[in-house]
Structure formats: structure tokens, C-alpha cells
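Scroll down for the structure; my scribbles are underneath it.
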Amino acid sequence: MNDQQLQPTTAQADLTAERDAESDAKKVTWFFIGFLGNILGIIIASIYEPTPSASRLLGESPEYAALYTDSYKAKSRKIQIRQSIIGCVVPVGFMIFIWILMGTFFP
């Protein structure tokens, strides 16, 4: 297989894996893990590595499966970390808002 044949497969595997990771992501779950776990939630999100469904890789070449799996894991981890950070920041923002309100109404 030459480089010209391999290149579209690589791009296709990356694109498909990122699309699937985006649709499979449990964004609300990772938000609440960050919300309830704070920094620990972010650490868990950065360590946990989801795996793609094996049925998506049936009939594909080993190279395609490896590229797809690597791209899927990277995109999923990026989504998990982003959502858990958002979940971690929301309580801080809420506390700042309450602090401002308390200073405004109770000088």
C-alpha cells in the first residue's frame, strides 16, 4: 500500500472516530463528575479511557482499527476533560455570585 492510498484512510478514520466520539460522549455525566468531584473529577476524566464499540470496527483493516481507536480515545478524553472542567467551574462561579449578592444586600 502506498502513501496515496493510506492518506484517505487515515483522514477517514480520524473523521469518523471524532464524529462517533462526539455522539457517544456522556457530556452530562462528565459535567456532574466535575461538579461533584471538583479537581478529583477532572483527574478521573483525564485518566479514564473509553473504548469504541467493536461492532464499528468489524471488517476494517488493522491499521484503520488502530487509527480509529486512537482518534476515538483522544477525542473522548478531550470532551470528558472539557465537561468536567465546566462542571468544576460552575460551583465557583455560583459562589462568587452569592458572595456578591451577600455584599450587596447585607453590607
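Structural descriptor for segment 3-105: relative contact order 43 percent, calculated from alpha carbon pairs under 8 angstrom and at least 6 residues apart. Here the Karplus curve 6.51 cos²θ - 1.76 cosθ + 1.60, taken at θ = phi - 60°, turns the phi angles of segment 58-64 into couplings of 5, x, 9, 6, x, 5, 4 Hz, with x standing for Gly and Pro.
Give, as a single signed number, the net charge of other residues whose beta carbon lies under 14 Å from the beta carbon of THR69, with Lys and Arg counted +1 and Asp and Glu -1. Summing Lys/Arg as +1 and Asp/Glu as -1 gives -4.
Residue by residue, segment 83-96 carries 3J(HN,Hα) couplings of 5, 5, 5, 4, x, 6, 7, 4, x, 5, x, 5, 5, 5 Hz when phi is fed to the Karplus relation 6.51 cos²θ - 1.76 cosθ + 1.60 (θ = phi - 60°); x denotes Gly or Pro. Is segment 3-105 rounded, prolate or oblate when judged by the Cα gyration tensor, a ≥ b ≥ c being the square roots of its eigenvalues, rounded requiring a/c under 1.5 and prolate requiring a/b larger than b/c? Prolate is the answer for segment 3-105, as a/c is 1.5 or above and a/b outweighs b/c. Per-residue ellipticity at 222 nm from helix content only, as computed over the chain with -39500 (n - 2.57) for each DSSP H run of at least four residues, stands at -28000 deg cm²/dmol.
Just so you know, all these numbers are worked out from the coordinates, no wet-lab data involved. Note that this is a predicted model, so its numbers are computed, not measured. Because the Cβ atoms are built from the backbone with ideal geometry, glycine has one as well, and the counts that use them run over all protein chains shown.
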